[in-house]
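Student: Below are the structure tokens for one structure; questions will follow.
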Amino acid sequence: MSDTTCDHFEDDSTENIIERLREAFKEEAYELLRELETALLELEKTPADAELISRVFRAMHTIKGSGSACEMTEIAAFTHDLETFFDMVRKGKIAVTKEIIDLTLMARDQIKSMFDAFYKGGAADEARGREVLALFKKLTPASAAAPSDVAPAPAHPQKEAPIQGKSVTYRIRFKPAPDSFEQGSDPVVILNEIRELGPCQIIAHTEDVPCLEDYRATRCYTYWDIILTTRLGRNAIEDAFIFVRDSSETRIDVIDEEGSAEFDSVAYKKMGEILLERGDITSDDLQKALQSMKKIGEALVESGIVTPEKIESALAEQQHVREMREQRQGFETISSIRVATEKLDSLVNLVGELVTVQARLTQTSQTHSIPGLVSIAEEVERLTAELRDKTMSVRMLPIGSTFGNFRRLFRDLSRDLGKEVELATEGGETELDKTVIERLNDPLVHIIRNSLDHGLESPEARVAAGKSRKGQVRLSAIHSGAHVLIQISDDGKGLDREAIHAKAVEKGLADPNTDLSDSEIYSFIFTPGFSTAKKVTSVSGRGVGLDVVKRAIDALRGTIEIASEKGRGTTFTLKLPLTLAIIDGLLVMLEGQRYVIPLTYVKECVELTRQNREDGHGRNIANVRGEIVPYINLRDQFSIVDSAPEREQIVITESGGMRVGFVVDHVIGGHQTVIKNLGRYYHGIEGLSGATILGDGTVALILDVPRLVRLVERGENRAGMLRNPLGASPGAPEQAGAGKTSM
């Protein structure tokens, strides 16, 4: 939280300031918790990784500091103890173990519950928090728990004092005495102290290291170049070398300084100048290198004048100083800003209104054929389309963040189920609308739990089947036109086709004498209450999970398909629209009223005549190039009693692997649709997902294809007159024909 934020609130009361600080910290707090969890899960795989340990420590440190600034004293005090423990881990006093990872994840969950109590109401479990801290205390060895290291957390942890002074960049050459080890000096400790002062680059020079037969373990042969930027001043640097000042060769030079006119330019010295200043080359050496046709660094190394380490050090200095100057002069722009979801939603709504107005303008200009107005309408249409695309892209987020959230789920579930599982992810950079991602979390959780519990075998069973002990679940995402395909695949035992079919027959969902395809049989597992599990576990087996998945994906206007091979594994493929705000649709006419069918479901359109109806022998089926396709007569479904036209059209759709037609009077054509929610009085009506405003200002209803199909399958059409078209026998007469027509 910057000082400018505090200045903005200086005229407010203390309570208002704290409340605003907490609100500003809210999103960052949960991001820090995600970062903490991710770092811990990675640390579990490589416990000795110092950078991961530092990531854990930094996340805790930021939570503590910002929590203290927001007067979240309980969170700050709790995290202070965790930070103290991980500071000892960072210093090598405590080794990372699985027990520590488990306990730290518990502590992370406790911090989350404390944040939830602040932001969402309720209360955190204080007893659980005390229990977690007590367990950490038990894991702290007596030798590591020096009083200075583990002092109790203050009731109000203090914020760290702000660093004063100008930002200055120093070039340091540190050459320890050859007998420094014998004198009890450790150069690595000094280098670590320098790292604490600010951003730095450290390059080791090893050209003096002798051959093995001449090497003495008690001698120091290495020296270092350090490029350091700090606000703490020269004295802080000299203090780091205080114990070796007399015995070592230490040179400290200022090479860049904030606010100095001499260092205003972003450009920095050339490599030859740097090497000359350091004393690594002479002027004659530089002139000879410049006369060669090669790069100066390459020429100097080939001639044996300097070592590759000296060239690397000069390059590191150039890069470091440039980066510091760019940051000061504002060349490093902010890569992202936080915007409230409500503001984004409002922007999308306004763009939707603009799209509607633009359509009206285009229609008006075409109706009146005013050349000047037509030209303006075309320009507005171009700008509106560009604005719409840019606005939609603002709401797009990479799905990788959602994939990352499942690592903890995999870890905990595999432990509970006694299975060894590896999670692999692909396409995390694939972007989806923020709303889609938020509503996708629960369906993915259900599928993953099902894959781990039912799909993957136990380690022993896998070995017996000739597989590796560790199973694999793969999450992948890829763009496919205006959709994103998300696949969840495992290398387990696959679905038992016969068991699913038998269960479907038992529940009256399938005719035992009807030959069904694999996709038709696998679709039964989405039926409410359907389960072939022999026992119910805490994870799955009650037959409710995949039903939830199907309904959630349908609500997102997506589809779900299953492919499975016995003994090899199962793959769930979710096909989802990029956004829910604006869709491409097919505009159709029915008794003077226009409707929109989402284009994602539409496969083709065919003509339906009265003769075709008669050839169906009273059943709502059509023969489309030898394939029998059931159709839904929307006139019957919507209780329209007027006579149908002589020629109608069938819009053939595909949902859940099933092809179903919708009979309409006329197909108008493609239409980009801005979706508007129906009023509260229409929420109970099934088969409609929303409405849109057309160019002439009239309203067109948007059909919910999957729900209309389910509605007819249950025989619950409004008029009560419609026969169930989906119950048509596959052996219907082939003369029930319908000719194809172009759209």
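The values are calculated or read from the model by the stated rules, or taken from the named source; none is laboratory data. Keep in mind it's a predicted model, so treat the numbers as computed, not measured. Cβ atoms come from the backbone with ideal geometry, glycine included; neighbour counts cover every protein chain shown.
Student: Being surrounded by 13 or more Cβ atoms within 10 Å (Cβ to Cβ) and touching a Gly at 6+ places or on another chain (Cβ under 7 Å) narrows it down to one residue among 395, 360; which is it?
Tutor: Details: 395 fails: touching a Gly at 6+ places or on another chain (Cβ under 7 Å).
Exactly one of 395, 360 is surrounded by 13 or more Cβ atoms within 10 Å (Cβ to Cβ) and touching a Gly at 6+ places or on another chain (Cβ under 7 Å), namely 360.
Student: Report, by residue number, each residue of segment 21-58 that is closer than 13 Å to residue 105 by Cβ and either aromatic (Phe, Trp, Tyr) or in contact (Cβ under 8 Å) with a residue 24 or more places away in the chain (or both).
Tutor: 33, 34, 36, 37, 38, 40, 41, 43, 44, 56 - these are the residues of segment 21-58 that are closer than 13 Å to residue 105 by Cβ and either aromatic (Phe, Trp, Tyr) or in contact (Cβ under 8 Å) with a residue 24 or more places away in the chain (or both).
Student: While we're looking at this one, here's another question. Which residues, taken from segment 579-600, are closer than 18 Å to residue 647 by Cβ and over 38 Å from the mean Cα position of the chain (by Cα)?
Tutor: 589, 590, 591, 592
Student: Among the residues that make up segment 258-278, is at least one of them free of Cβ contacts under 8 Å to residues at least 12 places away in the same chain, out of contact with any Asp or Glu (no Cβ under 8 Å at 6 or more places or on another chain), surrounded by 15 or more Cβ atoms within 10 Å (Cβ to Cβ) and in a helix (DSSP H, G or I)?
Tutor: yes
Student: Restricting the search to segment 112-128, which residues are loosely packed, with under 12 Cβ neighbours inside 10 Å and either within 28 Å of the chain's Cα centre (by Cα) or not in a loop (DSSP other than H, G, I, E, B) (or both)?
Tutor: 120, 121, 127 - these are the residues of segment 112-128 that are loosely packed, with under 12 Cβ neighbours inside 10 Å and either within 28 Å of the chain's Cα centre (by Cα) or not in a loop (DSSP other than H, G, I, E, B) (or both).
Student: Going by the conditions given, is residue 93 of a type in the set (Lys, Arg), assigned to a loop (DSSP other than H, G, I, E, B) and either exposed (fewer than 14 other Cβ atoms within 10 Å of the Cβ) or at pLDDT 85 or above (or both)?
Tutor: Yes: the conditions hold for residue 93.
Student: May I pose another question? Does residue 460 meet the test of being at pLDDT 90 or above, under 20 Å from residue 568 (Cβ atoms) and assigned by TED's automatic domain parsing to the domain that holds residue 522?
Tutor: The answer is yes for residue 460.
Student: On to the next question. For segment 701-710, which residues satisfy the criterion of being surrounded by fewer than 20 Cβ atoms within 10 Å (Cβ to Cβ) and either in contact with a strand residue (DSSP E or B) (Cβ under 9 Å, 6 or more places away or on another chain) or at pLDDT 80 or above (or both)?
Tutor: 707
Student: Yes or no: residue 258 assigned by TED's automatic domain parsing to the domain that holds residue 199 and more than 23 Å from residue 168 (Cβ to Cβ)?
Tutor: Taking the combined requirement at face value, the residue does not satisfy it.
Student: Now for a different question. Based on what the data block shows, is residue 413 touching a residue at least 40 places away in the same chain (Cβ under 8 Å) and over 14 Å from the mean Cα position of the chain (by Cα)?
Tutor: Yes: the conditions hold for residue 413.
Student: Pick from 440, 413, 485, 495: which is surrounded by 17 or more Cβ atoms within 10 Å (Cβ to Cβ), out of contact with any helix residue (DSSP H, G or I) (no Cβ under 8 Å at 6 or more places or on another chain) and modelled with pLDDT of 85 or more? Reasoning before the result, please.
Tutor: Details: 440 fails: out of contact with any helix residue (DSSP H, G or I) (no Cβ under 8 Å at 6 or more places or on another chain); 413 fails: out of contact with any helix residue (DSSP H, G or I) (no Cβ under 8 Å at 6 or more places or on another chain); 495 fails: out of contact with any helix residue (DSSP H, G or I) (no Cβ under 8 Å at 6 or more places or on another chain).
Step by step, each of 440, 413, 485, 495 is checked, and only 485 is surrounded by 17 or more Cβ atoms within 10 Å (Cβ to Cβ), out of contact with any helix residue (DSSP H, G or I) (no Cβ under 8 Å at 6 or more places or on another chain) and modelled with pLDDT of 85 or more.
Student: Something else about it: Among the residues of segment 370-397 satisfying the criterion of being touching a residue at least 40 places away in the same chain (Cβ under 8 Å) and closer than 17 Å to residue 356 by Cβ, which is nearest to the chain's Cα centre (by Cα)?
Tutor: So the residue we want is 392.
Student: Is it the case, given these coordinates, that residue 64 is assigned to a helix (DSSP H, G or I), in contact with a helix residue (DSSP H, G or I) (Cβ under 6 Å, 6 or more places away or on another chain) and under 24 Å from residue 409 (Cβ atoms)?
Tutor: no
Student: Which condition does residue 573 not pass, out of (1) outside the structural domain of residue 451 (by TED's automatic domain parsing); (2) surrounded by fewer than 19 Cβ atoms within 10 Å (Cβ to Cβ); (3) in contact (Cβ under 8 Å) with a residue 40 or more places away in the chain, if it passes all the others?
Tutor: Looking at each condition in turn, residue 573 falls short on (1).
Student: Residue 685 versus (1) surrounded by fewer than 16 Cβ atoms within 10 Å (Cβ to Cβ); (2) closer than 18 Å to residue 556 by Cβ: which is the lone unmet condition?
Tutor: (2)
Student: What are the residues in segment 614-649 that are free of Cβ contacts under 8 Å to residues at least 40 places away in the same chain, among the hydrophobic types (A, V, I, L, M, F, W, C) and in contact with a helix residue (DSSP H, G or I) (Cβ under 9 Å, 6 or more places away or on another chain), if any? Break it down stepwise before answering.
Tutor: The first filter runs over segment 614-649 and keeps only residues free of Cβ contacts under 8 Å to residues at least 40 places away in the same chain, leaving 614, 627, 629, 641, 643-646.
Going one step further and asking which of them are among the hydrophobic types (A, V, I, L, M, F, W, C), we end up with 629, 641, 644.
Listed by number, the residues that qualify are 641, 644.
Student: Could you grab me the full set of residues in segment 348-357 that are surrounded by fewer than 19 Cβ atoms within 10 Å (Cβ to Cβ) and in contact with a Lys or Arg (Cβ under 6 Å, 6 or more places away or on another chain)?
Tutor: none
Student: Is there a residue in segment 658-673 that is free of Cβ contacts under 8 Å to residues at least 60 places away in the same chain and either in a loop (DSSP other than H, G, I, E, B) or polar (S, T, N, Q) (or both)?
Tutor: No, every residue in segment 658-673 fails to be free of Cβ contacts under 8 Å to residues at least 60 places away in the same chain and either in a loop (DSSP other than H, G, I, E, B) or polar (S, T, N, Q) (or both).
Student: Additional query: Can you tell me which residue within segment 416-437, out of those that are among the hydrophobic types (A, V, I, L, M, F, W, C) and in a strand (DSSP E or B), is nearest to the chain's Cα centre (by Cα)?
Tutor: 432
Student: Inspect segment 581-604 for any residue being more than 22 Å from residue 699 (Cα to Cα) and at pLDDT 85 or above and give the result as yes or no.
Tutor: Yes, segment 581-604 contains at least one residue that is more than 22 Å from residue 699 (Cα to Cα) and at pLDDT 85 or above.
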